[in-house]
Amino acid sequence: MSPHPFTLRTFDLGGDKVLGLEEENPFLGLRGVRLLLAERQLLETQLRAAVRANPGNLRVMLPMVSDPGEVREAAELLRKIAREEGKEAPRLGIMVEVPSAVFMAPELAGLVGFMSVGTNDLTQYILAVDRQNFRVSHLYDSLHPAVLRAVNYLVQKAQGVEIEVCGELASDPLGAAALLALGVSALSIAPPSFLSIKKTILNLRIEDLRGLKEKILGAGSAEEVRRILKSAL
């Protein structure tokens, strides 16, 4: 991949996976950076491998961050390992997947070089909807105004830090248009969706996006957001 950037996400077993831990609610349990800080040898092994492998284009991304203290602890370990290996530490970034990370954006922005919004989990946590639960999965919608307003807040408050999106919303033409209107600077797209998203982006103008932002942030439902986006596209 060099010289293009390559992002390594540290270990994260999703709440729908089986780890062998008995937890009442694994989506709110020991996962992401919480697990790695609790089992520091796991984190240290991954960070040391990243430092050794880094040719200068590697970025390390911490999942499920909910508090700046988690980032500080991981960053200090990364710097320590880099010193021991006599190499430059990779750029450090975080996944924004929980509401607390959104509202701590100014503090987190001072600790990292980039943020990647995981819209799948962020939607679940903001709407309190388990998308794998058929009784409520119809309520799961990443174009819900609450989710879009959270992304907008993050972009506004994390000034100077690259904001990208790696959730499924980025691979949806309507979602991609909404995210670009909100000021997201990079989209991580599933390969089968690449051409449709590229076409969407090429057909948009900056003037269109400015007007689109106000409309979708003022919408009262996901259905209204869709109507606005379909009309604009």
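Nothing in this text is a laboratory measurement; each read-out follows from the coordinates by a stated rule. Here the structure is a predicted model, which is why all the values come from computation and not from measurement. Quick reminder, even Gly has a Cβ in these numbers, built from the backbone with ideal geometry, and neighbours come from all protein chains shown.
See the values below:
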read-out: Cβ-placed point charges (K, R +1; D, E -1), dipole of segment 97-233 about Cα centre in debye, nearest 20; value: 400 debye
read-out: Mean residue ellipticity (222 nm) of the chain, computed from DSSP H runs ≥ 4 via -39,500 (n - 2.57), nearest 500; value: -14000 deg cm²/dmol
read-out: Ranked by how many other beta carbons lie within 10 Å on average, peptides 143-155, 201-213, 217-229 from highest; value: 143-155, 217-229, 201-213
read-out: Reach of K230 by Cα under 24 Å, taken over lysines that are not fewer than 8 positions away in the same chain; value: K198, K199, K213, K215
read-out: Cβ-defined net charge surrounding G175, 13 Å radius [Lys, Arg +1; Asp, Glu -1]; value: -1
read-out: Over the chain - Rg/Rh using Cα atoms and the Kirkwood inverse-distance radius; value: 0.98
read-out: Calculated Rg and Dmax of segment 97-233 using C-alpha coordinates, Å; value: 14.3, 41
